[in-house]
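J.: Can you keep this structure in mind? I'll have questions shortly.
The values are calculated or read from the model by the stated rules, or taken from the named source; none is laboratory data. Owing to the predicted nature of the structure, the values given are computational and were not obtained by experimental measurement. In this analysis, Cβ positions are derived from the backbone assuming ideal geometry, glycine residues included, and neighbour counts consider all displayed protein chains.
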Amino acid sequence: MQVNKPPSEKLIRLLEAESEKLPFFDGHANAEFLRKGLANVAYKVNFENKDYLVKFAVGPASKPTVYIQASYEKALAEKILKLGVSPKFFSFGAVHMRGRKFPYNIQEYISGKDLDYSKDLRKLAKVLSRLHLQTLNSPKVCDYRVLDPSNYLKKKASDYLNGKLSKDTGGIGKRLQKTTKKALEKLSRGAIDSKILCLIHNDLTPENILVSKNRAYLIDWGWAMYSTPAFDLCNALSPFTTSWNSKIIATDRQVEGFLEAYFSNWKRPDGEKIMLDVEKYWLAYNSMLANWIHIDFLPNYKVLGKMHFKESSFMKNALEAVERIDLLLQKRK
């Protein structure tokens, strides 16, 4: 199995030099390294007194779940440009180094700060409600679609229960089994599905949300798809999403504030149906993320073995938070 590793410092410097001479910049720009992740390396590039964001995909093509497709993001960015939820998209292409292809895209650079979960969750809720409302019933907005969310999550839960998770009965594995079984039971009760579908971002980690001038912007649309808005709401509040770079877990008050802001901006009579979906999908969505981290992510990305997700105490706290928020959502129904 080919394992994707965070880019080396040498590769970061080589890509920085490449970003300065991309065709869009006529071969003479100034680049500044911003951040590296599992799947991309980002630079701030100044050209003719304007700043741009250049992002190179570094994930291997053999692992498409972490491989950012620049052309996919470009096509999507053009369709949502007028929504004001994301920076402008200017260009994309690829550079070849070390026998590998590194796709890149060039976007508007927006100066801002990372999302503060104690202050900015309402801003995120507002930008999500705008995104969802403006793309409601627009299946052609992107190529990737999950039109039957219940069956999608049922299959994910069943796959984990019947696969590696069934063999992992110690510690976290046992706790995950319990949560996953409970999630599957809830999905199997036959609750009414709203069938409200729209474009969702689907990767709302803190590094993909930027707050600038009192509003939130979403970046990194590589996992965006057409599906239920409930997935984005679950994703935004999940301990396994908020904690990607730290141990942030949303409090009850923050969850309530986020949902209040989202539905006050929805301004449609079907908001209650979305809330029912959120309550129905919450356990399954989180068990899917937790299982992926526990079974697929950490064992294969050994270089990240010290990541806090590896700590049994954190996984225990996160799963307890999932159960706690589940009770909170049931009360809101």
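J.: Which ones in segment 178-193 are surrounded by 12 or more Cβ atoms within 10 Å (Cβ to Cβ) and either among the small types (Gly, Ala, Ser) or in contact with an Asp or Glu (Cβ under 8 Å, 6 or more places away or on another chain) (or both)?
T.: Scanning segment 178-193 gives THR179, ALA183, ALA191, ASP193.
J.: Name the single residue that is surrounded by the most Cβ atoms within 10 Å (Cβ to Cβ) among those in segment 227-262 being farther than 21 Å from TRP292 by Cα and of a type in the set (Phe, Trp, Tyr).
T.: Here the answer is TYR262.
J.: Restricting the search to segment 212-229, which residues are part of a strand (DSSP E or B), touching a Ser or Thr at 6+ places or on another chain (Cβ under 9 Å) and either modelled with pLDDT of 95 or more or closer than 13 Å to LEU83 by Cβ (or both)?
T.: TYR217, LEU218, TYR226
J.: Also, quick follow-up: Just for segment 105-158: of the residues that are in contact with a Gly (Cβ under 9 Å, 6 or more places away or on another chain) and at pLDDT 90 or above, which one is nearest to TYR226 (Cα to Cα)?
T.: If we filter segment 105-158 for residues that are in contact with a Gly (Cβ under 9 Å, 6 or more places away or on another chain), which is where we start, we get 105-106, 121-122, 125, 127, 130.
From what's left, at pLDDT 90 or above: 106, 121-122, 125, 127, 130.
Values: ILE106: 24, LEU121: 23, ARG122: 23, ALA125: 18, VAL127: 17, ARG130: 15 Å.
Top of the filtered list is ARG130.
J.: Can you confirm whether segment 230-247 contains a residue that is outside any helix (DSSP H, G or I) and at pLDDT 95 or above? Outline the logic, then answer.
T.: Initially, segment 230-247 is screened for residues outside any helix (DSSP H, G or I), giving 238, 243-247.
Checking the rest, the ones that are also at pLDDT 95 or above come to 238.
The answer is yes, given that some residue of segment 230-247 is outside any helix (DSSP H, G or I) and at pLDDT 95 or above.
J.: Considering only segment 40-79, state which residues are surrounded by 15 or more Cβ atoms within 10 Å (Cβ to Cβ), modelled with pLDDT of 90 or more and either in the same structural domain as ALA216 (by TED's automatic domain parsing) or out of contact with any strand residue (DSSP E or B) (no Cβ under 6 Å at 6 or more places or on another chain) (or both).
T.: Answer for segment 40-79, where residues must be surrounded by 15 or more Cβ atoms within 10 Å (Cβ to Cβ), modelled with pLDDT of 90 or more and either in the same structural domain as ALA216 (by TED's automatic domain parsing) or out of contact with any strand residue (DSSP E or B) (no Cβ under 6 Å at 6 or more places or on another chain) (or both): just PHE47.
J.: Here's another thing I want to ask about it. Can you pull out every residue in segment 254-279 that is under 19 Å from ALA216 (Cβ atoms), of a type outside the set (Asp, Glu) and in a helix (DSSP H, G or I)? Walk me through it before giving the result.
T.: Taking segment 254-279 and keeping what is under 19 Å from ALA216 (Cβ atoms), we get 254-267.
This time we only want the ones that are of a type outside the set (Asp, Glu), so: 254-255, 257-259, 261-267.
Passing the criteria: GLN254, VAL255, GLY257, PHE258, LEU259, ALA261, TYR262, PHE263, SER264, ASN265, TRP266.
J.: Looking for whichever is within 24 Å of LYS156 (Cα to Cα) and not hydrophobic (A, V, I, L, M, F, W, C) here; the options are GLU279, GLU260, GLU207. Which one fits? Reasoning before the result, please.
T.: Numbers: GLU260 fails: within 24 Å of LYS156 (Cα to Cα); GLU207 fails: within 24 Å of LYS156 (Cα to Cα).
Answer to the check: GLU279.
J.: Turning to a different aspect of this structure: For segment 135-142, check the following and say yes or no: at least one residue is within 27 Å of ILE325 (Cβ to Cβ) and either surrounded by 19 or more Cβ atoms within 10 Å (Cβ to Cβ) or not aliphatic (A, V, I, L, M) (or both).
T.: Yes.
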